[in-house]
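**Q** The structure follows.
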Amino acid sequence: MAKLKIGGTWAGVVEEVDLHGWTLAMLRDCVAERSNSPSQSINLICAGKILRDDAVPPQTLSQLGIKNNAKILATRASSPQQGISLVAEEERCSRLARIRAAATAMAERHSDGALPIEDFNIEVEDQSGQKVRLGSETDQRAVMMGLMLHAKGKKLIKQGNYKDALEVLSMGEESFSLCDSKVIELIDNVPILQIDMVWCYFMIQDIRWLADAGKRLEIARIGIERAHGKDSLRLRLLQGGRFPELALHLRLELLEGVVAYHTGQLEKSRKALASARVKFEQLQVSDEALSFVMSMGYVERDAKRALRMNNQDVGGAIDFLAEEKAKKLQKREEDMRRRNEIKEQKRYGMTPLKKAVDLERLKELVSIGFEKELAAEALRQNENDTQKALDDLTNPVTNSALQVSIESRKSKRQKQAKDYEIEKVVRMGFERARVVAAFEAGGGVEQVLLRLTEQSGIEPTSASINTHSTAGPNGDASSSAPLPNNDNSDDHLSTMNEVEDSKTQRDIEMEDELSADIAKADAFADYDIEVNVEGEAITQYLALVESAGTCGQTAPSQ
């Protein structure tokens, strides 16, 4: 018997699966039952492909290539009435699978101290911008993946794509579930994700999710109180008396009121909706306050956000905006510093276990008098073990071996850089033997090209010998096939060769999309909610509750 890990429409583990006896229809029925969905509406995706079984007789799961512990994504198919073609649905499912795979790959690369392929690191921070490490490496990876998927889900919500957002948020929920519950019980990301999922239910307006919505809102309320403290006292203390959570609580109470109404709990619905209306009124920004803050040079969106999070206090809003501006500047400087550190780490190469050289430990060794490059090589060879590196540096025999290793690596990198330049010139149409001879005569690429074109009787076979330079988006020169810079290109060539296997498996387009989503977010992104839709819904459902109460009716469930 095997176990299958299911994510998406329903997240969990299906145990006691007979891969040689079960068919795809049996697995689909199992998932449909657990997700309260019609069997024919469930699509199952494994390894980025929609699973189909058109064979007669039906193939077993084993014959379809499904193995023990396989990860399968379950999605709800669109109804035929919506007119979405099978091809479009398959493309959608494939994109969801790509999002999941890219988030998984990035979390694995950025959670274990490995040398990053990119020029940035993804790190978990608290609301004050301080880097935090949550639990074990497995916990850190699970939290990182959950946060990336949550960020993508929120972007899809803003785009109005609630169906895909729900699928991505389900993946994020599954990721968070892999983390030790004690590690994440004091952060509010998980309960906020629950609220976002129920908000998708509400916007899709599918009553089938009603029971699930009630359970999720209960989990969200408990989680938020645990993270924020009773009556948000802990959050108020951490935020210096500010009220960033007001819009989030408004949405939570609105959704609680909607669920209570549709389950016939009119009094509970009335109380929740009335409380939500009070918060809605608190979040309305006066024209005078908005005009005053904007006169200080801030744009309307930022001014509104600051006033809402500071309970309409103008002075507090201006202080908030000034602090946020300072934090952004500090963050930009920190990012530049980190990019330079990554560039330096790539120059030193990776440890045998594919980790980057620890720069803090390198600073310690340099501070006591060791040459930086030599100390970096000692740390690299000894998996960043400071004591072992120190032993090698102070031992004349191993110290000499470290120097030989450095020179060998330099020679290798220089040869790689030279070979790269030779290949570049050969592709311009010159004979390889003449190109090699021209490089051996010395000089850079420009001198080599000049030497080759000045030789009598030698003409390149290509129409041009330039490097195909074009203007970049900011007017900077870029190249479709640029030659390496002279300073650190050899180091980067060596490093990129070492991680070549990882790069070939990357979905660069999707990874760039995910990294852009998290780069644009900030500490208050989860609380920055426009509440216009919520305000209309509060009015609508209060009217429904009053109407049902007056007529002595139970609330409709449709």
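The values are calculated or read from the model by the stated rules, or taken from the named source; none is laboratory data. What you see is a predicted model; the values in this text were computed from it and never measured. Positions of Cβ are generated from backbone atoms using ideal geometry, with glycine treated the same way; all protein chains shown enter the neighbour counts. Note: accessible area is taken over every heavy atom of the protein model, side chains too, but ligands, DNA and RNA are not part of it. Shrake-Rupley method; radii C 1.70, N 1.55, O 1.52, S 1.80 Å.
**Q** Does any residue of segment 255-265 turn out to be out of contact with any helix residue (DSSP H, G or I) (no Cβ under 8 Å at 6 or more places or on another chain) and open to solvent by 70 Å² or more (accessible area, probe 1.4 Å)? Show your work before the answer.
**A** Residues of segment 255-265 that are out of contact with any helix residue (DSSP H, G or I) (no Cβ under 8 Å at 6 or more places or on another chain), as a first pass: 264-265.
Okay, now just the ones that are also open to solvent by 70 Å² or more (accessible area, probe 1.4 Å), so 265.
For segment 255-265, residues out of contact with any helix residue (DSSP H, G or I) (no Cβ under 8 Å at 6 or more places or on another chain) and open to solvent by 70 Å² or more (accessible area, probe 1.4 Å): present.
**Q** A further question on this structure: I'd like to verify a number: residues in segment 7-23 that are open to solvent by less than 60 Å² (accessible area, probe 1.4 Å), within 23 Å of Leu178 (Cα to Cα) and touching a Lys or Arg at 6+ places or on another chain (Cβ under 8 Å), how many?
**A** 6
**Q** Restricting attention to helices (runs of 4 or more DSSP H) lying wholly within segment 185-281, give those where 2 or more residues are touching a Gly at 6+ places or on another chain (Cβ under 8 Å) and at pLDDT 90 or above. Break it down stepwise before answering.
**A** Numbers: elements: 189-204, 210-228, 233-238, 246-262.
Those helices (runs of 4 or more DSSP H) span 189-204.
**Q** Can we say Asp319 is within 24 Å of the chain's Cα centre (by Cα) and surrounded by 12 or more Cβ atoms within 10 Å (Cβ to Cβ)?
**A** On the way: within 24 Å of the chain's Cα centre (by Cα): no; surrounded by 12 or more Cβ atoms within 10 Å (Cβ to Cβ): yes.
The answer is no for Asp319.
**Q** Turning to a different aspect of this structure: Within segment 297-327, take every residue that is among the hydrophobic types (A, V, I, L, M, F, W, C) and touching a residue at least 24 places away in the same chain (Cβ under 8 Å) and give me the one that is nearest to Arg242 (Cα to Cα).
**A** First, pick out the residues of segment 297-327 that are among the hydrophobic types (A, V, I, L, M, F, W, C): 299, 303, 306-307, 309, 314, 317-318, 320-322, 326.
Keeping just the survivors that are touching a residue at least 24 places away in the same chain (Cβ under 8 Å) gives 309, 314, 317-318, 320-321.
Values: Met309: 6, Val314: 12, Ala317: 9, Ile318: 12, Phe320: 9, Leu321: 13 Å.
Checked segment 297-327; the qualifying residue nearest to Arg242 (Cα to Cα) is Met309.
**Q** Then there's this: Looking at segment 146-156, can you tell me whether even one residue there is under 20 Å from the mean Cα position of the chain (by Cα), touching a residue at least 60 places away in the same chain (Cβ under 8 Å), closer than 28 Å to Ser37 by Cβ and surrounded by fewer than 20 Cβ atoms within 10 Å (Cβ to Cβ)?
**A** Looking for residues that are under 20 Å from the mean Cα position of the chain (by Cα), touching a residue at least 60 places away in the same chain (Cβ under 8 Å), closer than 28 Å to Ser37 by Cβ and surrounded by fewer than 20 Cβ atoms within 10 Å (Cβ to Cβ), one finds at least one in segment 146-156, hence yes.
**Q** So if I check each of Asp206, Asp212, Asp164, which one is open to solvent by less than 60 Å² (accessible area, probe 1.4 Å), in contact with a Lys or Arg (Cβ under 8 Å, 6 or more places away or on another chain) and of a type in the set (D, E, K, R)?
**A** Going through Asp206, Asp212, Asp164 in turn, just one is open to solvent by less than 60 Å² (accessible area, probe 1.4 Å), in contact with a Lys or Arg (Cβ under 8 Å, 6 or more places away or on another chain) and of a type in the set (D, E, K, R): Asp164.
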